[in-house]
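K.L.:
The structure that follows is given in the form of structure tokens.
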Amino acid sequence: MARSRGGVVLVVEDIWKDYEGLPLLRGVSLTVSRGETVCLLGASGSGKSTLLRIIAGLERAERGRVLWDGQDLRGVPVHRRHFGLMFQDYALFPHRSVAQNVAFGLRMQGLPAGEVRARVAEALEQVNMGGFANRRVTDLSGGEQQRVALARALAPRPRLLMLDEPLGALDRALKEELAGELRALLRKTQVPAIYVTHDQDEAFSLADRLILLHNGLVEQSGAPAEVYAAPVSPWAANFLGLSNLLPGQVLALDPLRAKTPIGVFEGVQVEPAAARTLPPLRVGSPVMLLFRPGNARPGGEGENRITGVVEDCVFMGEGFRLRLRLESGHLFTFLLKEPLETGGRVTLSLPKGDVQFLMEPDGAVGREEK
Amino acid sequence: MSSAVAPTPGSRAQPRAVWGGSPLRLLLWAVPLVFLAVFFFYPLGAIFRLVIVSFWREGLDPSVVGAITRPLGFTVYQAALSTLFTMLVGLPAAYLFGRFQFPGKGLLRVLTTLPFILPTVVVAASFNALLGPRGWLNLLLVEGLGLTAPPIQILNSLPAIVLAHVFYNTTIVIRTVGSAWEQLDPRLEQAARVLGAAGWRVLAEVTLPLLRPAILSALTLVFLFDFTSFGVILLLGGPRYATLEVEIYIQAMSMLNLPLAGLLSAVQMACTLLLTVISSRLAGESFLPLAPRLRGEGLRRPESLTERAMVWGMVTLLGLLLVSPLAALALRSVTRFEANRGQRGAVEQGFTLDYYRELFVNRRQSIFYVPPIAAARNSILYAGATVGLSVGLGFLAAQSLARRSRVNRVFDALIMLPLGASAVTLGLGFIIVFNRPPLDVRSFPFLIPIAHSLVALPFVVRVLHPALVSIPQSLRQAAAVLGASPWQVWREVDLPIVARAALVGAIFSFTISLGEFGATAFLARPEFPTLPVAIFRFLSQPGALNYGQALAMATLLLVVCAVNIFLLERVRLNGAE
């Protein structure tokens, strides 16, 4: 279950948006609850940022509604929505100091100068930038700018915080450090947040709930672990880094078995937590088989065996990452406890629970529309 | 030698010119420098000398003070007023260009380049054809309302001056502020809105502060141009309105009071210098990084009703401002509206090419001793000579400037100096200095292209120099390694790349020369008029024929300038990518 800590505050209903004549968002709906961090995950160009801008009021959707506490926000101008938005490249005001940037939203609220000062100091402390108040923002490093932008967005205590790829421009190590700080801050302030990213690791580490956006639609939604354990579609599996996929045809329903170019496999169909319903499996239905990488073992008897040539086997700390070239030409990745020799021929067997039968979701037909 | 393997650090940091340390390089330097010394610094120095000597001898008469403060006061007043109105039109226009995408934007952008290159006499003639006593508006009102006298008396008034200045300088605001606005990351404004700022507060707290350097630099530039304006004021302001420039001309040419003209010139130069210093100070103010990630990201189509009204209102206004005077000029030059000779009262109206035909006729009572079309021939001859002179000198100067050194920075500043001195001052200096053969204004018409070259040279160098510097040193080295002599390197590598820039420079100086009025007004003799001078003379004469001929000549000049702009854009577009 998603860890929601209260009632739903933001409802986004059936948002449609065209971009340069082509549909970008095609009926996206989502909710955000009090205290919840929702990660909007999708490839670049999937319309995630546009959705944020529609919620902020910076862009108008062709169709659909955005509601806050049941109130339709149509007609409420950007500056009266009282949302926070952290831009991808921060959009810090270059003509103002760090403190003046953070103070901006507070001044717009008409707070007295003394309170503005106190709140600015507090916000800068929150992001560990206490000593930077009088610095020019143009002199800051990327990570420092990111912190100031966060402080600026948080200082007015917005009722919703939106973050558009806030760690996108930073290097790996800094990204992890800042993601940790961000997680702590979101927990502490309890501000409902929508976090947009294309990086699944970032999303896993921050999200209470994950929303996968694909082809202008919500592909899947749920807690990160649930989504990872049961991707709803081949695209979702692939996007989350589960790329051992092979097309097949259902042979029998009980037990669930399918025929593939490299043999017959017995597997399971995992019920996805949310999002769209799946079409029922029938004998003869085309399916996509996902071979989860974690529990494969060399050797074994009977069905659920995969044979191939070891392309390489790399030590990864907790185990060895094996890349296996199948006879069908596919390249699969598995995690093993013991290393295997490169160039050797090997057969792996998988527990049936690790062979998942995936289908294109119902929306698949509609997706091909022009 | 180890340097055969690794290039020495110095050889990479300092781009070396083609001619090592040979005497040829000295020539590169010396020729433009001698030209400047003889034809710029000497005449300018002569003005100062004349001023000092004559006022040393006679002392400063209180009436002289008045003779300076009166035109100075009016110069500042009209410049301030013109700048104010230019900004009132220009800032919304800059917003239009910086933030909106609309059909016809490209065309409008091309139209805004027109004022850059249109001669003052053409603009003056255009406003005359639109608003003058014989202009379209008055003609239509007289016809329509059955009046006996033209109802609009805008010529020879301050509004005419201001209007022409707005026509000229709105472009500067659009270029400077508009491009800064386009560069301004729209996310900064959006961030302010999300943080709770209403529209006007976004403007006051984010947009305007960030555009401040651009606005200030446009403001000072517009003021400087309005301050030094000559032709517009002489032709549209009439005798009552004398700025410093016009007063210099009147004192020198009508009153023959050269010392006073010189003093006015000195005052004018001092003011220009002050304004230039202020302007470069403001320009030096650190521009903040505003660039959006994608080009044109901040541009949008007008959406709300107010935005659409704003955009189309502004487009209409700019279209009217830029097109209607020029259209009025061209149409009026082929339209007859006068009573025919001998048929009193009967008015013949309609299309006519008489004004153009008359250009080829040398009438006895004519203002010049030659048919008016000779002015066109003179103009083209002078312009051709100017191109040769300025591009040749510009080439030498740019070639020697390609090498970076402290001496070169001084040299560069020297070449740019003529930009600061007004053409009128230049003309005055010439008639003070060059009054003996062989260099006599009265017998040596080549002084006109020389004056024009001084005006054009800074532009030519500014076009040529970047092109020369843009050639990577490695290209020349590759050619040399392949066996090319220094001369062959220049011919095979530098020349083809620089040729395009040279063409741009040539078109520039040709157009500058064709339209130049300030210096030419001093130097042109009656039997060798240029087109602008002829237009000025014809416009200030009574009679429908004179008026029509002035407009016909102005139209010819307009067409040539428009063609040049077109060529310029073509050459430039081909050059980019």
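The values are calculated or read from the model by the stated rules, or taken from the named source; none is laboratory data. These numbers were taken from a predicted model, which means no experiment stands behind them. When we count neighbours, we look across all protein chains shown, and the Cβ atoms used for this are built from the backbone with ideal geometry, even at glycine.
K.L.:
For the range B:155-248, give me every one of the helices (runs of 4 or more DSSP H) that falls completely inside it and has 2 or more residues that are on the phi < 0 side of the Ramachandran plot and buried (at least 21 other Cβ atoms within 10 Å of the Cβ).
P.N.:
On the way: elements: B:158-173, B:179-183, B:186-194, B:199-202, B:208-227.
Qualifying helices (runs of 4 or more DSSP H): B:158-173, B:179-183, B:186-194, B:208-227.
K.L.:
Could you grab me the full set of residues in the range B:261-281 that are within 30 Å of B:Ile215 (Cβ to Cβ) and of a type in the set (S, T, N, Q)?
P.N.:
Taking the range B:261-281 as the starting set, the residues that turn out to be within 30 Å of B:Ile215 (Cβ to Cβ) are B:267-281.
Within the range B:261-281, B:Gln268, B:Thr272, B:Thr276, B:Ser279, B:Ser280 meet the criteria.
K.L.:
Sort out which residues of the range A:233-247 are assigned to a loop (DSSP other than H, G, I, E, B) and surrounded by fewer than 22 Cβ atoms within 10 Å (Cβ to Cβ), and write them in order of number. Break it down into steps so the answer makes sense when it comes.
P.N.:
Taking the range A:233-247 as the starting set, the residues that turn out to be assigned to a loop (DSSP other than H, G, I, E, B) are A:233, A:240-244.
Result: A:Leu240, A:Gly241, A:Leu242, A:Ser243.
K.L.:
Anything in the range A:77-116 that is in contact (Cβ under 8 Å) with a residue 12 or more places away in the chain and more than 14 Å from chain B (Cβ to nearest Cβ)? List them, or say none.
P.N.:
Initially, the range A:77-116 is screened for residues in contact (Cβ under 8 Å) with a residue 12 or more places away in the chain, giving A:77-79, A:81-94, A:96-99, A:101-106, A:108-109, A:116.
Within the range A:77-116, A:Val98, A:Ala99 meet the criteria.
K.L.:
Which of the residues that make up the range B:483-534 are in contact with a Gly (Cβ under 7 Å, 6 or more places away or on another chain) and in a helix (DSSP H, G or I)?
P.N.:
Residues of the range B:483-534 that are in contact with a Gly (Cβ under 7 Å, 6 or more places away or on another chain), as a first pass: B:500, B:505, B:517-519, B:521-523, B:532.
Listed by number, the residues that qualify are B:Arg500, B:Gly505, B:Ala521, B:Phe522, B:Leu523, B:Pro532.
K.L.:
Given the criteria assigned by TED's automatic domain parsing to the domain that holds B:Ser400, crowded, with 22+ Cβ neighbours inside 10 Å and not β-branched (Val, Ile, Thr), does B:Ala534 qualify?
P.N.:
yes
K.L.:
Would you confirm, using the coordinates I've provided, whether A:Glu338 is modelled with pLDDT of 90 or more and over 22 Å from A:Gly267 (Cα atoms)? If you could, list the steps in order and put the result at the bottom.
P.N.:
Values: modelled with pLDDT of 90 or more: no; over 22 Å from A:Gly267 (Cα atoms): yes.
When the stated conditions are applied, A:Glu338 does not pass them.
Matching residues to (1) free of Cβ contacts under 8 Å to residues at least 12 places away in the same chain; (2) within 22 Å of the chain's Cα centre (by Cα); (3) closer than 29 Å to B:Gly518 by Cβ:
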| site | (1), (2), (3) |
| --- | --- |
| B:Leu88 | yes, yes, yes |
| B:Ala94 | no, yes, yes |
| B:Arg99 | no, no, no |
| B:Thr120 | no, yes, yes |
| B:Leu139 | no, no, no |
| B:Leu158 | no, yes, yes |
| B:Val162 | no, yes, yes |
| B:Val166 | no, yes, yes |
| B:Thr171 | no, yes, yes |
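K.L.:
From A:Leu67, A:Leu24, A:Leu41, which residue is in contact with a Gly (Cβ under 8 Å, 6 or more places away or on another chain), in a strand (DSSP E or B) and of a type in the set (A, V, I, L, M)? Talk me through it step by step, then tell me what you get.
P.N.:
On the way: A:Leu67 fails: in contact with a Gly (Cβ under 8 Å, 6 or more places away or on another chain); A:Leu41 fails: in contact with a Gly (Cβ under 8 Å, 6 or more places away or on another chain).
Of the residues listed, the single one that is in contact with a Gly (Cβ under 8 Å, 6 or more places away or on another chain), in a strand (DSSP E or B) and of a type in the set (A, V, I, L, M) is A:Leu24.
K.L.:
Scanning for something over 22 Å from B:Ile172 (Cα atoms), assigned to a helix (DSSP H, G or I) and among the hydroxyl-bearing types (Ser, Thr, Tyr), does the range B:252-267 turn up at least one residue?
P.N.:
There is at least one residue in the range B:252-267 that is over 22 Å from B:Ile172 (Cα atoms), assigned to a helix (DSSP H, G or I) and among the hydroxyl-bearing types (Ser, Thr, Tyr).
K.L.:
Within the range B:144-154, does at least one residue satisfy the condition of being within 14 Å of another protein chain (Cβ to nearest Cβ), surrounded by fewer than 23 Cβ atoms within 10 Å (Cβ to Cβ) and free of Cβ contacts under 8 Å to residues at least 12 places away in the same chain? Reasoning before the result, please.
P.N.:
If we filter the range B:144-154 for residues that are within 14 Å of another protein chain (Cβ to nearest Cβ), which is where we start, we get none.
Checking the range B:144-154: not a single residue is within 14 Å of another protein chain (Cβ to nearest Cβ), surrounded by fewer than 23 Cβ atoms within 10 Å (Cβ to Cβ) and free of Cβ contacts under 8 Å to residues at least 12 places away in the same chain.
K.L.:
Go through the range A:160-232 and tell me which strands (runs of 3 or more DSSP E), entirely inside it, have 1 or more residues that are buried (at least 21 other Cβ atoms within 10 Å of the Cβ) and free of Cβ contacts under 8 Å to residues at least 60 places away in the same chain. If you could, list the steps in order and put the result at the bottom.
P.N.:
Details: elements: A:160-164, A:193-197, A:209-214, A:217-222.
So the answer is A:217-222.
K.L.:
So is A:His95 assigned by TED's automatic domain parsing to the domain that holds A:Pro192, surrounded by 14 or more Cβ atoms within 10 Å (Cβ to Cβ) and either part of a helix (DSSP H, G or I) or within 25 Å of the chain's Cα centre (by Cα) (or both) or not? Walk me through how you get there before you give the answer.
P.N.:
Numbers: assigned by TED's automatic domain parsing to the domain that holds A:Pro192: yes; surrounded by 14 or more Cβ atoms within 10 Å (Cβ to Cβ): yes; either part of a helix (DSSP H, G or I) or within 25 Å of the chain's Cα centre (by Cα) (or both): no.
Judged against the criteria, A:His95 is not a match.
K.L.:
Scan the range A:195-209 for residues that are among the aliphatic types (A, V, I, L, M) and in contact with a Leu (Cβ under 6 Å, 6 or more places away or on another chain) and report the count.
P.N.:
Step one: filter the range A:195-209 for residues among the aliphatic types (A, V, I, L, M), giving A:196, A:203, A:206-207.
Filter once more, so that each one left must be in contact with a Leu (Cβ under 6 Å, 6 or more places away or on another chain): A:196, A:203.
Final tally of qualifying residues: 2.
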